[in-house]
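First comes the structure, then the notes that go with it.
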Amino acid sequence: MTHYEEVKVHGYDEFCKAVSERKGKDIFAYFSGDKDAQGVSWCPDCVKAEPVVRGEMAHLPEGSVFIYCQVGDRPYWKDPNNDFKKVLKLSGVPTLLRYGTPQKLVEEECFKSDLVRMMFTED
Amino acid sequence: FFLGKYDYDLVIIGGGSGGLACSKEGKPWVCTKWGLGGTCVNVGCIPKKLMHHSALLGGAVRDAAKYGWSIPDKVSHDWQVPGSAVQNHVKSLNWGHRVQLQDKKVKYLNLKGRLVDEHTVVGTNRSGNETVLTAENIVIATGGRPKYPANVNVALECAGFLTGIGQDTTVMVRSIALRGFDQQMAGLVTSHMASHGTRFLWRCVPKKLEKLPSGNLQVTWADTGSGHEEWDTFDTVLWAVGEAPETKSLNLEGVGMALNKDTGKIIVAEDEATSVEHVYAIGDIGEGRPELTPTAIKAGKLLARRLAGVSSELMNYRSVPTTVFTPLEYGCVGLSEEEAERQHGKDTIEVYHAFYKPLEFTVAERDASQCYIKAVCQRSGDGRILGLHFTGPNAGEVVQGFALGLQCGATYSHLLATVGIHPTCAEELTKLHITKRSGLDPTVTGC
């Protein structure tokens, strides 16, 4: 039994639904390129970052929410008009962010466990 | 090298412009109390420039009609919109600094620091718990906290953008505006504000501030000119005032540090050293230092390099350009006319000047009567430029490039030899030729 809730979603609509159902909570979101049938993402940086992020999840605040969001396939992501880019203003994957705050780590920043830990543990 | 005695090479108290710049050069320990970024990011330059821009856009919207755009008759402003956008931007800057510090392995602690002796700092957290740190060197970069009352350019900038977004604004000035700046230029800035809706109460000092049952504030003041007392009611009163360093909470007197008696600021040498060995001070807290972000940043970086033994370069505080972001912006670099006269004598300087009209003001039918440029030069030889002054749109952008010229020792001859970019306001600097001494009309005629 973990001290945080993990939610797995796929695509923008599912992401928004998960967030709206958890108003008032401290929500961390990790955005990754879709994984194939073998569980491997088309995004090599996402493959590299995921174990680093998962490795720090024990440091998530009590009662917080961790949303693992697969954004879509590579062509969808490359389209500059996709909802993640237009509405959430994501610039790249992987992105780890704290919803409703300017706190975010993008791409190579997600490889650094101390930065991930800093986001999970500091106010 | 082997450190031995102390926990850290360097401890920096203060996470503003100076403190952060210094910390990113080395591997020290930073304590801070505002969000990271200090005064500049959280409550200073950044929010100020964005609000100033907000107000300027109101003017641009009105001008747009004259350039063919269909603009509704009534254009209103909602303060909350830029307010929250600015807050979000400031928070993202705080986060950016936090990530940078972490990345550069700078240990950041959200504590209130005070000095115990020249090698020891005690940091206290919100719950009152203390942490003791020892360091080979200590840098104080805590800046200032607002005290009252005094008039600073910030007051004018605030009044300017508030008037620009449609607020009925009054500025009370004890003696002169923009103390330390060229007074002729200060006069142009305030005349412009007065003719565009800001009310000025010159030579007045506040005597009393009362909250009325209605919730409004009643201010009573003494007009030192007439000797009379007057009053008025306002929704909000803003003390946009000078700053005093937090020397007591830092315990500077306790460690025997020499401070200026009037300002309370730390007396610093040209290498930022204080009177206490191993303790340095950068940024606003230093006596006589310009209260500017870029000088604090540069001084911080150079100090860190000197302490690391990587360089011996000192900060050059001469010819620092700056801009006052009033509705009519004023940018300058070098000496004011008064200061040039004081240092060189009126007979050995030549002042070239011009009243010009920005092209965009013509179609917009805007008043350009305070748009003015002057170059204060040495009279002899090629006429070394001692100071440049410019009021007009984008003054900061205009003056920045000319500051490079002053660094290189530019002369009036160089200015004349420089071809202007047309049509711009900046080109008028290259066309200056009427001297104050000649008494001729300095108004530029069209091209």
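The values are calculated or read from the model by the stated rules, or taken from the named source; none is laboratory data. These numbers were taken from a predicted model, which means no experiment stands behind them. For neighbour counting, all protein chains shown are included, and Cβ atoms are generated from backbone atoms with ideal geometry for every residue, glycine included.
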Problem set entry | strands (runs of 3 or more DSSP E) completely within the range A:25-123 that count 3 or more residues being surrounded by 18 or more Cβ atoms within 10 Å (Cβ to Cβ) and modelled with pLDDT of 95 or more | A:27-32, A:65-70, A:95-98
For this session: Pull up the range B:91-112, narrow it to residues that are of a type in the set (Lys, Arg) and crowded, with 17+ Cβ neighbours inside 10 Å, then point me to the one that is farthest from the other protein chains (Cβ to nearest Cβ).
Result: B:Lys112
Exercise. How many residues does the range A:67-108 hold that are more than 20 Å from A:Val19 (Cβ to Cβ), within 13 Å of the chain's Cα centre (by Cα) and either within 13 Å of chain B (Cβ to nearest Cβ) or aliphatic (A, V, I, L, M) (or both)?
Worked result: 1
Exercise. So which of B:Ile285, B:Ile266 ends up being in contact with a Lys or Arg (Cβ under 7 Å, 6 or more places away or on another chain) and within 23 Å of B:Gly38 (Cβ to Cβ)?
Worked result: B:Ile285
Exercise. Can you name the residue in the range A:2-36 that is within 13 Å of A:Gln70 (Cβ to Cβ) and of a type in the set (Gly, Ala, Ser) and, of all such residues, is nearest to the chain's Cα centre (by Cα)?
Worked result: A:Ala29
Problem set entry | Search result, residues across the range B:113-154 that are closer than 30 Å to B:Gly180 by Cα, surrounded by 15 or more Cβ atoms within 10 Å (Cβ to Cβ) and either at pLDDT 85 or above or among the hydroxyl-bearing types (Ser, Thr, Tyr) (or both) | B:Val139, B:Ile140, B:Ala141, B:Thr142
Exercise. When the residues of the range B:59-90 are filtered to those that are surrounded by 12 or more Cβ atoms within 10 Å (Cβ to Cβ) and among the basic types (Lys, Arg), which remaining residue is farthest from B:Thr362 (Cα to Cα)?
Worked result: B:Arg62
Exercise. Is it fair to say B:Val351 is surrounded by 15 or more Cβ atoms within 10 Å (Cβ to Cβ) and either within 26 Å of B:Cys158 (Cα to Cα) or touching a Pro at 6+ places or on another chain (Cβ under 6 Å) (or both)?
Worked result: no
For this session: Determine, yes or no, whether A:Glu122 is of a type in the set (D, E, K, R) and within 14 Å of chain B (Cβ to nearest Cβ).
Result: yes
For this session: Can you work out which of the residues in the range B:354-372 that are of a type in the set (S, T, N, Q) and assigned to a loop (DSSP other than H, G, I, E, B) is farthest from the chain's Cα centre (by Cα)?
Result: B:Ser369
Problem set entry | B:Gln100 vs. criteria polar (S, T, N, Q) and farther than 29 Å from A:Thr121 by Cβ | no
Exercise. If you take just the helices (runs of 4 or more DSSP H) that sit entirely in the range B:373-447, which of them hold at least 1 residues that are at pLDDT 95 or above and closer than 11 Å to B:Glu350 by Cβ?
Worked result: B:412-417
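Scan the range A:19-47 residue by residue and report those that are of a type outside the set (Asp, Glu) and in contact with a Cys (Cβ under 8 Å, 6 or more places away or on another chain).
Answer for the range A:19-47, where residues must be of a type outside the set (Asp, Glu) and in contact with a Cys (Cβ under 8 Å, 6 or more places away or on another chain): A:Ala29, A:Tyr30, A:Phe31, A:Ser32, A:Gly33.
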